[in-house]
Amino acid sequence: MREKPMCEREYDFSLILSGVTELTDDQAEAIFAAGCSDAPPSVIYGRVWLEFSRVATSYKDAELSAIRDVRRANIGGGC
């Protein structure tokens with residue numbers, strides 16, 4: 001019996017970066033270069049938000065891959 005292929009879909013979610021209160025151009029570039037081109041960053045009330053629209057086979061996979069990419073940017077905060 002053949003296994004059914006996993007279907008991918010788009011998941012929309014936000015990550016708030018802890019420990020980051022402003023976003024410099026260098027930090028924004030680092031986030032983009034780390035693989036977060038699907039998440040335009042913004043600063044709201046002194047918090048950096050990333051609004052993702054990420055394609056994955058599950059919500060969990062989408063969120064975990066986004067967290068890995070943000071950590072790879074190494075901008076001094078966490079998620």
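Of the numbered conditions (1) exposed (fewer than 13 other Cβ atoms within 10 Å of the Cβ); (2) in contact (Cβ under 8 Å) with a residue 40 or more places away in the chain, VAL20 fails exactly one; give the number of that condition. Failed condition: (1).
Being of a type outside the set (Lys, Arg) and closer than 22 Å to CYS7 by Cα is true of THR57. Residue-level analysis places VAL70 among those that are surrounded by 13 or more Cβ atoms within 10 Å (Cβ to Cβ) and within 9 Å of the chain's Cα centre (by Cα). The residue that is surrounded by the fewest Cβ atoms within 10 Å (Cβ to Cβ), counting only those in region 23-67 that are among the β-branched types (Val, Ile, Thr) and part of a loop (DSSP other than H, G, I, E, B), is THR24. For region 2-17, check the following and say yes or no: at least one residue is in a strand (DSSP E or B), at pLDDT below 95 and farther than 14 Å from GLU63 by Cα. No, region 2-17 has no match at all.
The values are calculated or read from the model by the stated rules, or taken from the named source; none is laboratory data. Quantities reported herein were computed from a predicted structural model and do not represent experimental measurements. A quick note on method: Cβ atoms are made from the backbone with ideal geometry, for glycine too, and the neighbour counts reach across all protein chains shown.
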